[in-house]
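Student: Take this structure, written in structure tokens, and hold onto it; I'll ask about it next.
The values are calculated or read from the model by the stated rules, or taken from the named source; none is laboratory data. Remember, it's a predicted structure, so these values are computed and weren't measured experimentally. Glycine also receives a Cβ, built like all others from the backbone with ideal geometry; neighbour counts cover every protein chain displayed.
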Amino acid sequence: MNGIASLLDGPATSRVERLWQELEAHCGLVGVKLTPFPHFTWQVTEDYDLPRLEVTLRALAGQIQPFSIHTSGLGLFTGEHPIVYISIVKDEPLMRFHSLLWKKMVGIAFHPTLYYSPDQWVPHITLAYNDVTSANIDCVMQSLAFQTFNWEIQIDNLILVAQAEGHNTAPVRVRLGL
């Protein structure tokens, strides 16, 4: 799977990494390290037309200036493999850019995952996945439930995240406003 994401700014990256360390130390969770850099994802797809993608991402990045996102509390995607995350507020600038990105990726993204489409997207910062179980979910929630997650995060980049056979390539980064 491949995706387009944004790396978090320095303060938010430090906070998320501390939370990951806390969840590892207290609950034994390490699954989030599959993608070991704090981020949020705009789109996930089977593959991209890579030559067209780089040109499109650079053009898209040039159309928007860096902006802020806001977080608000914890969330949980339920199911066989639960995911614990920090919720990102879906405000108008964020949703407008997300919609523009999806429009620009038509014909470049092959078989995009519809959970990330503008109508279904739940923007989030993942704290725990792959190894959240019924045996450790209490530990996760006890570690996180009484913390405050009302953050403002500066977003100044788009990255391509490429996963192959369980590990990532280094992210290709494009700065916004260039």
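Student: Working carefully through the options E54, E92, E46, find the one that is acidic (D, E), farther than 21 Å from T13 by Cβ and touching a Leu at 6+ places or on another chain (Cβ under 9 Å).
Tutor: The match here is E54.
Student: Also: Among the candidates K103, K90, single out the residue that is basic (K, R) and under 29 Å from E17 (Cβ atoms).
Tutor: On the way: K103 fails: under 29 Å from E17 (Cβ atoms).
Exactly one residue qualifies, and that residue is K90.
Student: Moving on. If W102 satisfies all but one of (1) modelled with pLDDT of 95 or more; (2) under 20 Å from I153 (Cβ atoms); (3) part of a helix (DSSP H, G or I), what's the number of the condition it fails?
Tutor: The single condition W102 does not satisfy is (2).
Student: Go through segment 97-126 residue by residue and tally those that are among the aliphatic types (A, V, I, L, M) and either crowded, with 19+ Cβ neighbours inside 10 Å or within 16 Å of V161 (Cβ to Cβ) (or both).
Tutor: Qualifying residue count for the region: 5.
Student: Then there's this: What is the one condition in (1) part of a helix (DSSP H, G or I); (2) in contact with a Ser or Thr (Cβ under 7 Å, 6 or more places away or on another chain) that F110 does not satisfy?
Tutor: So F110 meets the others, but not (1).
Student: Hey, another quick one. Taking the residues in segment 147-178 that are assigned to a loop (DSSP other than H, G, I, E, B) and β-branched (V, I, T) as candidates, determine which candidate is modelled with the lowest pLDDT.
Tutor: Selected residue: T169.
Student: Between residues in segment 95-121 that are without any contact (Cβ under 8 Å) to a residue 24 or more places away in the chain and residues that are surrounded by 13 or more Cβ atoms within 10 Å (Cβ to Cβ) and part of a loop (DSSP other than H, G, I, E, B), which pairs lie under 6 Å by C-beta distance while being six or more apart or on different chains?
Tutor: Listed pairs, sorted by first residue: S99/P118.
Student: Then there's this: Are any residues in segment 59-96 at pLDDT below 95, in a helix (DSSP H, G or I) and surrounded by 14 or more Cβ atoms within 10 Å (Cβ to Cβ), and if so, which ones?
Tutor: Answer for segment 59-96, where residues must be at pLDDT below 95, in a helix (DSSP H, G or I) and surrounded by 14 or more Cβ atoms within 10 Å (Cβ to Cβ): L60, A61.
Student: Would you confirm whether or not segment 45-56 contains a residue that is touching a helix residue (DSSP H, G or I) at 6+ places or on another chain (Cβ under 6 Å), in a strand (DSSP E or B) and of a type outside the set (D, E)?
Tutor: To start, the set of residues in segment 45-56 that are touching a helix residue (DSSP H, G or I) at 6+ places or on another chain (Cβ under 6 Å) comprises 56.
Adding the requirement that they be in a strand (DSSP E or B) leaves none.
No, the conditions are met nowhere in segment 45-56.
Student: What tally of residues in segment 42-55 results from selecting those that are over 20 Å from the mean Cα position of the chain (by Cα) and of a type outside the set (A, V, I, L, M)?
Tutor: Selection size over segment 42-55: 3.
To keep it simple, each residue is scored yes or no on (1) among the hydroxyl-bearing types (S, T, Y); (2) closer than 20 Å to Y129 by Cβ.
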{"position": "E17", "(1), (2)": "no, yes"}
{"position": "L29", "(1), (2)": "no, yes"}
{"position": "T35", "(1), (2)": "yes, yes"}
{"position": "G62", "(1), (2)": "no, no"}
{"position": "F67", "(1), (2)": "no, no"}
{"position": "G79", "(1), (2)": "no, yes"}
{"position": "V84", "(1), (2)": "no, yes"}
{"position": "I88", "(1), (2)": "no, yes"}
{"position": "E92", "(1), (2)": "no, no"}
